[in-house]
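Here is the structure we will look at.
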Amino acid sequence: MTRTGKLVAGVAAGAVVVAWAVAAGLVVSGKFDAAPRGQTVDWASYGGTTAGDRYSKLTQINTQTVGDLKEAWRFDAGMGGLQTSPLVVGRTLYAYSTNQQVIALDGASGKLLWSFDAKVPAKQPARGLTYWSEGGERRLFAGVMSDLYALDPATGQPIRSFGEGGKIDLRKDLGNDYTKNATYLTSPGLVYKDMIIVGFRTSENKPAAPGAVRAYDVRTGKLRWIFHTIPRPGQPGHESWPAEAWKSAGAANVWAGMAIDLERGIVFAPTGSAVNDFYGADREGDNLYANSLVALDANTGKRIWHFQGVHHDIWDRDFPSPPALVTVMKEGRKVDAVAQTSKQGFVFLFERATGKPLFPIEERPFPASDVPGEYTSPTQPIPTGIEPFARQHLTADMLTTRTPAAQAAAQAAFKTFRSEGQFIPLSVGRQTVVFPGFDGGAEWGGPAVDPKGIIYINSNDVAWTGGLTKVDPKLGATPGAFLYQDVCSACHGADRKGSPPEFPSLVDIGSRMSADEIRQVMNSGKGRMPAFPAIPDDYKNMVIEYLRSNGAETPGGDREVVTKADPADTPAYRFTGYKKFLDPDGYPAVKPPWGTLNALDLNTGKYLWKIPLGEYPALVAQGLRNTGSENYGGPIVTAGGLVIIGATIYDRKLRAFESATGKLLWQGDLPFAGNATPVTYMVDGKQYVLIATSGARDKSGPQGAAYVAFALPNTALKQHKKIQGARP
């Protein structure tokens, strides 16, 4: 792996001088932020601060200067996916490589200062780190697979007094056989006083670890408190599950990240859905605290209040984004609030201390499931005071008209679907439209909010479909095929074709990967795929044999042992797979926009603006622009009047928009897609904007990963200061 930072030359001085001389209105709030030499401004927490607002007070890069941004440095981070939003403390930037090595870079040059390699296979998403300091003590917390390390920020070496030799095993402390747990710190924990508070990512099918929020002592690694998101007997919410479900139920985990109100001592934790995602016959009831925003006392882990966004979820509608703390005006008074975005395209807004909704939320009736054994909730919560930021119901007039052939194919497919809006139960033998899709509207990048109460949200606006099929263990397949259908088909499809790039095709996987390489992925996970530690090695070998034979009905294995190993973990119906609704050319089969950037005024619930986000270069070449595209990674907002975001998959751009209007002011080329949330910071009086990039989501584009930093060239800064000094 190349580990070199590269300084990139700025633009010619003469061109910059001309650009600044002809610009009009060069100030923000009457003052250009030319910080004293040596001043630094940190980005010391995931989301900017523990409030998760992704807001920066820096104004050196502003609506008038942003047009002169140039690449300042670039750091090669390896091959693979990269979703990290780094930390910057002082002049040091802390981040991950693509294989979860922890790295420290000089924030002004990109020079590698140190790296830490846990020496374990690690291809899980790692979106950030956690920094703590008190007095002369400093610690950098980094998740590597199932371990949480405490590192010395100066050297990258583990602090051996923490946990077991410098780390704690997040598989433990959950009240079950920890060796069968898959628990990954996809999003980093947050620090409150002398504790680090963490959630985790786990499997989305059984077996999955039971969800929990835990606080550990930052010095010793000892468990300080735990909140079980699947309540135990005697705990509030236990009645919303079958009496014994807590013993075998899984997930309802906090994977997207959290926010903390430091003044009130409240941690806000958004949870995912319970397994199995799409068929819940074994978990009758509303299933608290899955799909919920839970407010916990950060000192004790006790529940203060909660809101469940989906009752008895069978659509994989987990809360996908960290919440953001914001202050809004309500009935003439300032109210400290917490905003939570959702895959449905909703924003829920609550008073922080009490959980009181600041806009009405109605429990509306929805159809019951007709699948045997399934018991859907008769109602679901719908916010009515804040406008949705994604389309809610796919109808025939919304299908693509990109070409006559694409339109005809979309119309033919649509006639076979059930499409009636949100919360329509999946059917057996027929696909149901989920719109916005399983990866939309909001995603894990999170929103940004400014002090005026405006929230900025990027959204995916693409339709997906899903369905159920009956599981019949007596029919058709070898043990490997049966296990594949039971464990793998939900993501990769019964036909092994997947839904690329999110869910890769496994057709002909034997020609691309050896048996050992497939086994390594099953043991360690990769990208969106978790590991499967609870599946015995013999069973994994059967799946590998099935995959490498390209689905052939090869004999082998004891079918009775496989199908009767644990009947309770084999549901009567299984998901048919994630299916994106695409036209024959691979583009979304609905009319654009396919991705948007939205500004909503949380004081009123109304749109400030809404624009398409992203393009497809191949369609631009055909004259079709501003379609929007799927996007992953969120925005930041600055006091300089800017919303800055990468996120788009195919056009490989970082963009800066005017926060007041949504007008595009600047865009810079990236080597790979910026599928991460950017950060901004100041070192030696110069403001930088940095984003992680990688080619993992677009296999047809260039492959690799890099951190890319942008700044104003020194010539531009000097000329602007000169112009400012000449003004009265």
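Here's a check for you: in segment 87-128, which residue that is of a type in the set (Lys, Arg) and more than 15 Å from Arg74 (Cβ to Cβ) is surrounded by the most Cβ atoms within 10 Å (Cβ to Cβ)? In this case the residue turns out to be Arg127.
This table checks each residue for (1) under 22 Å from Asp486 (Cβ atoms); (2) surrounded by 15 or more Cβ atoms within 10 Å (Cβ to Cβ).
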| position | (1), (2) |
| --- | --- |
| Lys172 | no, yes |
| Thr179 | yes, no |
| Arg201 | yes, yes |
| Asn205 | yes, yes |
| Ala208 | yes, yes |
| Thr220 | no, no |
| Trp225 | no, yes |
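Conditions tested, residue by residue: (1) of a type in the set (Phe, Trp, Tyr); (2) under 18 Å from Arg402 (Cα atoms); (3) surrounded by 21 or more Cβ atoms within 10 Å (Cβ to Cβ); (4) out of contact with any His (no Cβ under 9 Å at 6 or more places or on another chain).
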{"residue": "Asn598", "(1), (2), (3), (4)": "no, no, yes, yes"}
{"residue": "Leu602", "(1), (2), (3), (4)": "no, no, yes, yes"}
{"residue": "Ile611", "(1), (2), (3), (4)": "no, no, no, yes"}
{"residue": "Ala618", "(1), (2), (3), (4)": "no, yes, no, yes"}
{"residue": "Asn626", "(1), (2), (3), (4)": "no, yes, no, yes"}
{"residue": "Asn631", "(1), (2), (3), (4)": "no, no, yes, yes"}
{"residue": "Ala639", "(1), (2), (3), (4)": "no, no, no, yes"}
{"residue": "Ile644", "(1), (2), (3), (4)": "no, no, yes, yes"}
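Looking at segment 439-461, which of its residues are more than 17 Å from Pro388 (Cβ to Cβ) and assigned to a loop (DSSP other than H, G, I, E, B)? Answer for segment 439-461, where residues must be more than 17 Å from Pro388 (Cβ to Cβ) and assigned to a loop (DSSP other than H, G, I, E, B): Trp444, Gly445, Gly446, Asp450, Pro451, Lys452, Gly453.
I need a count of the residues in segment 462-478 that are in contact with an Asp or Glu (Cβ under 9 Å, 6 or more places away or on another chain), surrounded by 23 or more Cβ atoms within 10 Å (Cβ to Cβ) and outside any strand (DSSP E or B). Qualifying residue count, segment 462-478: 1. Residue count for segment 685-710, restricted to those that are over 20 Å from Pro501 (Cα atoms) and surrounded by 24 or more Cβ atoms within 10 Å (Cβ to Cβ): 9. Would you check which residues across segment 479-507 are among the β-branched types (Val, Ile, Thr) and outside any helix (DSSP H, G or I) and list them? Across segment 479-507, the qualifying residue is only Val507.
Summed over segment 496-546, residues that are out of contact with any helix residue (DSSP H, G or I) (no Cβ under 8 Å at 6 or more places or on another chain) and among the β-branched types (Val, Ile, Thr) total 2. Residues being in contact with a Lys or Arg (Cβ under 6 Å, 6 or more places away or on another chain) and touching a residue at least 60 places away in the same chain (Cβ under 8 Å) are represented in segment 619-642 by at least one member.
The set of residues in segment 294-308 that are within 21 Å of Ala245 (Cα to Cα) and crowded, with 24+ Cβ neighbours inside 10 Å contains only Val294.
Check Lys526, Lys540, Lys497 and return the single one that is surrounded by fewer than 21 Cβ atoms within 10 Å (Cβ to Cβ), in contact (Cβ under 8 Å) with a residue 12 or more places away in the chain and in contact with a Leu (Cβ under 9 Å, 6 or more places away or on another chain).
Details: Lys526 fails: in contact with a Leu (Cβ under 9 Å, 6 or more places away or on another chain); Lys497 fails: in contact (Cβ under 8 Å) with a residue 12 or more places away in the chain.
On inspection, the qualifying residue turns out to be Lys540.
In segment 213-247, of all residues being small (Gly, Ala, Ser), touching a strand residue (DSSP E or B) at 6+ places or on another chain (Cβ under 9 Å) and in a loop (DSSP other than H, G, I, E, B), the one that is farthest from Thr186 (Cα to Cα) corresponds to Gly237. Return yes or no: is Arg697 at positive phi and within 25 Å of the chain's Cα centre (by Cα)? No.
Among residues of segment 683-705 that are without any contact (Cβ under 8 Å) to a residue 24 or more places away in the chain, those with a Cβ under 6 angstrom from a residue that is surrounded by 22 or more Cβ atoms within 10 Å (Cβ to Cβ) and not hydroxyl-bearing (Ser, Thr, Tyr), sequence gap 6+ or separate chain, pair up as Gly695/Phe672. Identify all residues within segment 116-136 that are touching a residue at least 24 places away in the same chain (Cβ under 8 Å) and of a type in the set (Asp, Glu); write none if there are none. Passing the criteria: only Glu134.
Every condition in (1) at pLDDT 95 or above; (2) surrounded by 17 or more Cβ atoms within 10 Å (Cβ to Cβ); (3) in contact with a Phe, Trp or Tyr (Cβ under 7 Å, 6 or more places away or on another chain) is met by Gly67 except one, and the failing one is (2). Residues in segment 543-588 that are surrounded by fewer than 16 Cβ atoms within 10 Å (Cβ to Cβ), modelled with pLDDT of 75 or more and farther than 30 Å from Phe435 by Cα: Ser549, Asn550. Within segment 594-606, residues that are over 15 Å from Lys334 (Cβ atoms) sit with their Cβ atoms under 7 Å from residues that are of a type in the set (Asp, Glu), at 6+ positions apart or across chains, in these pairs: Trp594/Asp461; Trp594/Glu630; Gly595/Asp461; Gly595/Glu630; Thr596/Asp461; Leu600/Glu387; Gly605/Glu387; Lys606/Glu387. Within segment 151-168, the set of residues being of a type outside the set (Lys, Arg), in a strand (DSSP E or B) and touching a strand residue (DSSP E or B) at 6+ places or on another chain (Cβ under 6 Å) comprises Leu151, Pro158, Ile168. For beta carbons closer than 7 Å, sequence separation of 6+ or different chains, a first residue in segment 355-376 that is in contact (Cβ under 8 Å) with a residue 24 or more places away in the chain and over 15 Å from Ala337 (Cβ atoms) and a second that is charged (D, E, K, R) and surrounded by 12 or more Cβ atoms within 10 Å (Cβ to Cβ), the qualifying pairs are Tyr375/Glu284. Among strands (runs of 3 or more DSSP E) entirely within segment 290-381, having at least 3 residues that are more than 27 Å from Gly48 (Cα to Cα) singles out 361-365.
Residue-by-condition table, conditions (1) at pLDDT below 95; (2) more than 19 Å from the chain's Cα centre (by Cα); (3) surrounded by fewer than 20 Cβ atoms within 10 Å (Cβ to Cβ):
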position	(1), (2), (3)
Pro436	no, no, no
Gly445	no, no, no
Ala448	no, no, no
Gly453	no, yes, no
Cys488	yes, yes, no
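Any residue at all in segment 107-115 that's part of a strand (DSSP E or B) and either aliphatic (A, V, I, L, M) or out of contact with any strand residue (DSSP E or B) (no Cβ under 6 Å at 6 or more places or on another chain) (or both)? So far as segment 107-115 goes, yes, one or more of its residues are part of a strand (DSSP E or B) and either aliphatic (A, V, I, L, M) or out of contact with any strand residue (DSSP E or B) (no Cβ under 6 Å at 6 or more places or on another chain) (or both). Within segment 383-396, track down each residue that is without any contact (Cβ under 8 Å) to a residue 60 or more places away in the chain and under 23 Å from the mean Cα position of the chain (by Cα). Matches in segment 383-396: Pro383, Pro388, Gln392.
Here's the yes/no breakdown for (1) closer than 21 Å to Ser427 by Cα; (2) surrounded by fewer than 22 Cβ atoms within 10 Å (Cβ to Cβ); (3) not aliphatic (A, V, I, L, M):
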| residue | (1), (2), (3) |
| --- | --- |
| Thr341 | no, no, yes |
| Val347 | no, no, no |
| Phe350 | no, no, yes |
| Ala353 | no, yes, no |
| Phe359 | no, yes, yes |
| Phe366 | yes, yes, yes |
| Tyr375 | yes, yes, yes |
| Pro378 | yes, yes, yes |
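Can you pull out the residues in segment 254-276 that are of a type in the set (A, V, I, L, M) and part of a strand (DSSP E or B)?
Those that are of a type in the set (A, V, I, L, M) and part of a strand (DSSP E or B): Ala259, Ile260, Ile266, Val267, Ala269, Ala274.
The values are calculated or read from the model by the stated rules, or taken from the named source; none is laboratory data. Keep in mind that this is a model prediction, so the values were computed, not measured. For neighbour counting, all protein chains shown are included, and Cβ atoms are generated from backbone atoms with ideal geometry for every residue, glycine included.
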